[in-house]
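What follows is a set of notes on a single structure, which appears directly below.
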Amino acid sequence: MSIALITGSAGLIGSEAVKFLIEKGFDVVGIDNNLREYFFGKDASTRWNKEFLTKKYKNYYHFDIDIRNEEEIAKVFKKFKFNLIIHTAAQPSHDWAANEPFTDFTVNANGTLTLLENFRKYSSDAVFIFTSTNKVYGDTPNRLPLVELDKRFEIAENHPFYKGIDETMSIDHTLHSLFGASKVAADILVQEYGKYFNLKTACFRGGCLTGPAHSGTKLHGFLSYLMRCCIWQNKYFIYGYKGKQVRDNIHSYDLVNMFWNFYQAPRKGEVYNAGGSRHSNCSMLEAIELCEEISGEKLNYEYVEQNRIGDHIWYISDVSKFKSHYPEWNFKYNLRDILNEIYDYQNYLYKNGIVEK
């Protein structure tokens with residue numbers, strides 16, 4: 001029997017990975033202590049998802065521990081021999097990181113190091129996959145020659161990055177935010193454990209990761225939080241760039257399926273950009289229009305002139321490198337599919353008393 005370890009297992013990507021791998025016949029060990037609630041408040045709690053997973057899957061084993069706790073993490077690695085490790089646990093917000101830099105860095109960097117070292121000691125034959133972020137590129141994408149259109153910023157069709165930003169973009173000489181810096185540290189560590197120790201590791205630098213299981217909140221979870229505000233008429237704030245900032249959005253299933261393809265034929269110290277690419281992207285204004293159309297409700301929002309520090313004006317991922325390595329992989333969900341699913345799931349959770357407005 002194959003065994004997988006998933007950190008952040010009650011979160012968006014973690015819980016998707018739990019479901020995906022159990023359906024593939026794995027036993028799954030999950031680590032998640034609901035730090036997301038500490039970061040962002042009660043609305044962002046993942047406790048409901050943990051309860052769902054533990055009730056539904058008999059071969060899901062949950063550990064409510066902190067990834068920074070070296071002693072407890074070592075106990076888990078000594079107890080199980082893992083075939084696959086998917087590390088999704090993180091402090092994921094630019095703004096929050098500035099409030100508690102030590103917490104942000106120890107979770108994102110030290111926690112990753114703790115997992116990597118235990119992986120090297122006790123499950124070195126396994127595959128280690130890290131959910132990194134496009135924020136490792138800092139604000140370098142903002143230097144691209146962008147053109148302002150009616151509802152979005154865009155880049156010329158003849159520009160090398162028109163189909164998306166690829167892995168050749170520098171992660172140096174740029175404004176990252178403290179969150180971006182802590183994720184850079186983790187990203188480089190994962191690469192180094194692959195290259196230096198000859199282990200099977202990969203960093204997936206995500207665009208906007210999204211899906212129905214996202215506990216979206218003001219500081220993290222763009223589409224999920226936007227749809228939630230639209231449905232329940234909560235006030236939404238747009239920060240800067242006239243609401244024309246562009247993001248590519250990848251469904252949690254499509255990302256986990258990337259992980260699965262990598263697991264089938266792993267490489268060492270690899271890096272992939274992983275987002276919705278030209279297949280699934282939108283500006284803030286375009287996302288609002290689509291949420292209003294799907295929900296039948298008008299969004300109550302306010303525009304704030306000042307953008308978030310280091311925020312991208314335009315970011316679309318080029319996934320060509322991954323596709324060239326794993327040609328059988330492709331997207332299952334487009335933007336409308338994603339938002340339709342989020343809308344249905346938000347209503348389901350509320351009607352069944354799982355979440356509040």
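Since every read-out is calculated from the coordinates, none of them should be taken as a lab result. This structure is a prediction, so every number in the text was calculated from the model and none was measured. Backbone-built Cβ (ideal geometry, glycine too); neighbour counts: all protein chains shown.
Before moving on, here are some points about what is shown:
- Think of region 3-351 as having a plus end and a minus end, set by charges on the Cβ of Lys, Arg, Asp and Glu; of Ala181, Phe153, Tyr60, Tyr60 sits farthest toward the positive end of this dipole.
- The chain: calculated mean residue ellipticity at 222 nm from DSSP helix runs of at least 4, using -39500 (n - 2.57): -11500 deg cm²/dmol
- Among Gly138, Gly240, Gly296, residue whose mean-square fluctuation peaks in a GNM of the chain (springs only between Cα atoms under 10 Å): Gly296
- Per the Cα gyration tensor, the chain maps to an equivalent ellipsoid with semi-axes of 30, 24, 19 Å, ordered largest to smallest.
- Rounded to the nearest 20 debye, dipole of the chain from Cβ charges on Lys, Arg, Asp, Glu: 840
- For the chain, averaging the sequence separation of C-alpha pairs within contact (under 8 Å, six or more residues apart) and dividing by the residue count gives a relative contact order of 19 percent.
- With a cut-off of 15 Å between beta carbons, the residues surrounding Thr103 carry a summed charge of -2, where Lys and Arg count +1 and Asp and Glu -1.
- The equivalent ellipsoid that matches the C-alpha gyration tensor of region 68-187 spans semi-axes of 35, 18, 11 angstrom, in descending order.
- Since only Ala109, Val256, Phe40 are under comparison, the one whose Cα sits farthest along the positive direction of the charge dipole of the chain, derived from C-beta charges on Lys, Arg, Asp and Glu, is Val256.
- Given Lys24/Lys268; Lys50/Lys121; Lys268/Lys321; Lys75/Lys195; Lys58/Lys79, the pairs whose alpha carbons are separated by over 21 Å: Lys24/Lys268; Lys50/Lys121; Lys75/Lys195
- Set of lysines with alpha-carbon distance to Lys298 below 20 Å, sequence-local pairs under 8 removed: Lys151, Lys218, Lys235, Lys242, Lys244, Lys357
- Applying a 4.7 Å Cβ-Cβ cutoff to the chain, the cysteines left without a disulfide-compatible partner are Cys203, Cys208, Cys229, Cys282.
- At 0.890 mPa s and 25 °C, Stokes diffusion of region 265-317 via Kirkwood alpha-carbon radius, µm² per second: 169
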